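The values are calculated or read from the model by the stated rules, or taken from the named source; none is laboratory data. Only a predicted model underlies this, so the values are computations on that prediction, with no experimental measurement involved. Counting neighbours? That spans all protein chains shown, and the Cβs are built from the backbone with ideal geometry, glycine included. In case anyone asks, the SASA skips ligands and DNA or RNA and just uses the protein heavy atoms, side chains included. Shrake-Rupley method; radii C 1.70, N 1.55, O 1.52, S 1.80 Å.
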Amino acid sequence: MQNYSQDLIIPTDPAGYLLYTEDWNELVANQLAEIDGVGPLTEDHWTIIQSLRRHYFEVGGVPSLRHICVENHLDPHCITTLFKDHGREVWRLAGLPNPGDEATAYL
Amino acid sequence: MANFETPEIKEYPTIPLIKEGVMAHSKPFISKDAFQQPLGFPGELLDNWQDVAIEKMGEMLGKYRGLQVFLDSCVKCGACTDKCHYFLGTSDPKNMPVARQDLLRKVYRRYFTFAGKYFPKLVGAVDMTKEVLDDWYSYFHQCSQCRRCSVYCPYGIDTAEISMAAREIMDAVGVGQKYCNEIIAKVYKIGNNLGLPEPALRDTLEGLEEDVLEDTGVAVKYPLDVKGADILLVTPSADFFAEPHVDGLIGYGKVFHAAGASWTISSHASEAANFGMFIGSYENMRKVALRIREAALDLGVKRIIFGECGHAWRVAYSFLNTLAGPFDFLDPRYPVPQHICEYTYDLLKRGALTMDKSANDHMRLTFHDSCNVARASRMGDLPGGQFVIPREVIKASCNHFYDMNADTIHEGTFCCGGGGGLLTDDLMEIRVKGALPRMSALKQVVEEHGVTHLAAICAICKSQFSKVMPYYGFQMSQIVSVHQLVSNAIVLNDKQ
């Protein structure tokens, strides 16, 4: 297992989302995944993470998580199986800002 | 999973022995100034908060006559004591509906009744102190305003009404609940609870069109802001976002497609939910509801149809006309508003939809009546239509349907445990415990009939179940949308 140095840990809010989206990079995602016991991240994980980021930064929100799976030719429920805490986990790993209480309730 | 114990599902329902104060610690996060101001509430507890609270109570007693009747007419008969899911799940006696009412009633008596003003101790009247306020904040946020207790009360006392009044008073003195107030502020700013801006909404709907095309080979449309469309669909924003909600939205689109209907969603009124009701604020409820009127006028639609959302349907069915009416600009041949289940049911009755029930043969289903639909509204043109219509839609879509125990459905339905503005992580303990009666009834049909899935027509219910079912040994994927079943079963062809 790779040993990430302590100084790589970047600030998150109490809910676990990155405080500053610009802090995100692949190393950070890997580190968070390892902390959460989701890693090591596979190609499918990365496909979902990148797709989520693309949509978010293009339109200021995300499409249905089901669509993210389907558009990448993965099973419509792939997020449930790939990411331990489902929507919240992928949101955190993708480095998106806290989506608010209501979106969190539905993630 | 959490630092509290999930209640155990017993073989048959039992009334727990009381444990005083075991839920006194449960309270939601307090709203910040930034979420209070847009709603017209002070940002923090006012210095003269006692005076403001009593003045507000007086104002509400004058405005809402039902409130005073409810506060005056309780005879402490005890019929309600074992009817609240939160009492059954927590054993805390303050979660008995009568005790919850008394939190407000004792203050009412002190300031507004002769006996309470002069002989407070004789009638259990108390001053409005900080301790009382803290108790209110805790226990009025352990009520999901589901109104089950009112069904069994011989006087019809509606605890939801009292709980809403208490929350309104708390907002007026500057102690708001973060979850509800942040969300209402978001509706004012962006248009929906989830904060999905117009481009994200468009991206989502285009995505759904691609998914359905790939899945069925049929180009079903999910239109946004189409002027001149016949039908405006107003649905909870959860439908644009998460499962199983989005599967329901896919279903609505397929039904409209099969009916050859011209319909649209509005980015201005992209939210059916109206949290103004949860916080008991008429002004905020009206402001949210008016967005629907504005969208209907702007788009020039002829009808308004609501998607699967429980409290939204209460606001729509019971209050929309007085909040945001008159709707004389809509086509008078249709009810204002209509429920999507009612719309689908009409088509089914006319034989306008082709259904292949075997598409849902991998599921054995039961139906959860959502409280606001069951006890605060109706559906269609027959008494009890809110019970009959969703079940008929389900039965037309699947081969295996079994109702839960008669005491736990229809007007006696148990709340999912997350309604009334409690669907937030900071209240997870009360949400899990409050789900106990429903989970017990579910377990019974699972054991007796091999039921695999629970269908619902409320975004809060669906989300609550997907989060709490794992605590009771079920899986989060066992909760489905009613129109998800329709979506699976409906047979589409390109000629439509």
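Determine the per residue accessible area of the range B:20-130 with all protein chains present and a 1.4 angstrom probe, expressed in square angstrom.
Values: 5590 Å² over 111 residues.
Averaged over the residues of the range B:20-130, the accessible area is 50 Å².
What percentage of all Cα-Cα pairs in the range A:4-106 are separated by more than 23 Å? Before the final figure, lay out the partial values.
Details: 1021 of 5253 pairs.
The answer is 19 percent, as a whole percent.
Tell me the trypsin sites (Lys or Arg not before Pro) within the range B:1-103 that lie in a loop according to DSSP and have at most 16 other beta-carbon atoms within 10 Å.
Numbers: sites: B:Lys10, B:Lys19, B:Lys32, B:Lys56, B:Lys63, B:Arg65, B:Lys76, B:Lys83, B:Lys94, B:Arg100; in loops: B:Lys10, B:Lys19, B:Lys32, B:Lys76, B:Lys83.
Those that pass, being in a loop and sparsely packed, are B:Lys10, B:Lys19, B:Lys32, B:Lys76.
Using only protein heavy atoms and a 1.4 Å probe, how much accessible area in total is buried between A and B, to the nearest 100 Å²?
Details: alone 6280 and 19720 Å², together 23520 Å².
The summed interface area works out to 2500 Å².
Would you work out the charge dipole size for the range A:4-106 about its Cα centre, treating the Cβ of every Lys and Arg as +1 and the Cβ of every Asp and Glu as -1, and quote it to the nearest 20 debye? Could you put the intermediate results ahead of the total?
Values: 6 positive and 16 negative charges, 40 e Å.
My answer is approximately 200 debye.
Using the Cα centre of chain B as the reference point, and only Cβ charges (+1 on K/R, -1 on D/E), how large is the resulting charge dipole? Debye, rounded to the nearest 20. Walk me through the intermediate numbers first.
Numbers: 51 positive and 59 negative charges, 273 e Å.
In debye, rounded to 20, chain B gives about 1320.
Considering only the protein assembly as shown, what is the antiparallel percent among its DSSP beta bridges, to the nearest 5?
Numbers: 3 of 20 bridges.
Roughly 15 percent of the DSSP beta bridges within the protein assembly as shown come out antiparallel.
With everything on Cα atoms, drop me the angle between helix B:282-299 and the longest principal axis of chain B, reported from 0 to 90° to the nearest 10.
Taking the Cα atoms of chain B, the angle to B:282-299 is about 20 degrees.
Can you pick out the pairs among B:Lys221/B:Lys302; B:Lys287/B:Lys443; B:Lys56/B:Lys178; B:Lys189/B:Lys221; B:Lys56/B:Lys467; B:Lys94/B:Lys462 whose Cα atoms lie more than 31 Å from each other?
Details: B:Lys221/B:Lys302 19 Å; B:Lys287/B:Lys443 41 Å; B:Lys56/B:Lys178 21 Å; B:Lys189/B:Lys221 28 Å; B:Lys56/B:Lys467 37 Å; B:Lys94/B:Lys462 27 Å.
Too far apart for the 31 Å limit: B:Lys287/B:Lys443; B:Lys56/B:Lys467.
What lysines could a cross-link reach from B:Lys130, if we take a straight Cα to Cα line under 16 Å and drop same-chain neighbours fewer than 8 places away?
Qualifying lysines at Cα under 16 Å: B:Lys27, B:Lys106.
Tell me the carbon and sulfur percent of the accessible area for chain B, rounded to whole percent, probe radius 1.4 Å. It would help to have the intermediate numbers written out before the result.
Numbers: 9570 of 18500 Å².
Here carbon and sulfur together make up 52 percent of the probe-accessible area.
With no other cysteine's Cβ closer than 4.7 Å, which Cys residues of the protein assembly as shown count as lacking a disulfide-compatible partner?
Isolated Cys, the protein assembly as shown: B:Cys74, B:Cys77, B:Cys84, B:Cys143, B:Cys153, B:Cys180, B:Cys309, B:Cys341, B:Cys398.
At q = 0.08, 0.12, 0.13 Å⁻¹, what is the base-10 log of I(q)/I(0) for the range B:33-176 according to the Debye formula with one equal point scatterer per Cα and no solvent? Please give it to two decimals.
Summing over Cα pairs of the range B:33-176 leads to -0.21, -0.48, -0.56.
For a quick check of your reading of the filter: which trypsin sites (Lys or Arg not before Pro) in the range B:309-373 sit in a DSSP loop and have no more than 15 other Cβ atoms within 10 Å?
On the way: sites: B:Arg314, B:Arg333, B:Lys349, B:Arg350, B:Lys357, B:Arg364; in loops: B:Arg333, B:Arg350, B:Arg364.
Listed in order of number, the matching sites are B:Arg333, B:Arg350.
Work from the charge dipole of chain A (Cβ charges, +1 for Lys and Arg, -1 for Asp and Glu, about the Cα centre) and give the residue of A:Ala33, A:His77, A:Pro99 farthest towards its positive end.
A:His77
For peptide B:19-27, what's the mean number of Cβ atoms from other chains within 10 Å of each residue's Cβ? Don't jump to the answer; show the numbers that get you there.
Values: counts 0, 0, 0, 0, 0, 0, 0, 0, 0.
So the per-residue partner count for this stretch is 0.
Give me the accessible area per residue for the range A:4-106, probe 1.4 Å, as a whole number in Å².
Working: 4550 Å² over 103 residues.
Counting only protein heavy atoms, the per-residue value for the range A:4-106 is 44 Å².
Residue by residue through the range B:76-93, what is 3J(HN,Hα) from phi via Karplus (6.51 cos²θ - 1.76 cosθ + 1.60, θ = phi - 60°)? Round to whole Hz and write x for glycine and proline.
Values per residue, Gly and Pro as x: 6, 7, x, 4, 8, 4, 9, 9, 8, 4, 6, 5, 4, x, 10, 6, 7, x Hz.
What is the dipole size for the range B:181-274, taken about its Cα centre, with +1 at each Lys and Arg Cβ and -1 at each Asp and Glu Cβ, in debye to the nearest 20?
I would put it at about 400 debye.
Could you tell me the largest-minus-smallest coordinate of the C-alpha atoms of chain B on each of the three principal axes, in descending order and whole angstroms?
If we take the Cα atoms of chain B, the spans are 77, 52, 41 Å.
Can you give me the angle between helix B:159-173 and the longest principal axis of chain B, using Cα atoms only, in degrees from 0 to 90, rounded to the nearest 10?
Computed tilt is about 70 degrees.
Once amide H atoms are built 1.01 Å from N in the peptide plane, which residues 5 or more positions from B:Ile304, or in another chain, come under 5 Å H to H?
Here the answer is B:Leu232, B:Gln338, since their amide H atoms fall under 5 Å of that of B:Ile304.
Ignoring everything except DSSP H segments at least 4 long, calculate the 222 nm mean residue ellipticity for chain B; use -39,500 (n - 2.57) per segment, divide by total residues, nearest 500. It would help to have the intermediate numbers written out before the result.
Working: 22 runs with 228 residues, N = 496.
Result for chain B: -13500 deg cm²/dmol, rounded to the nearest 500.
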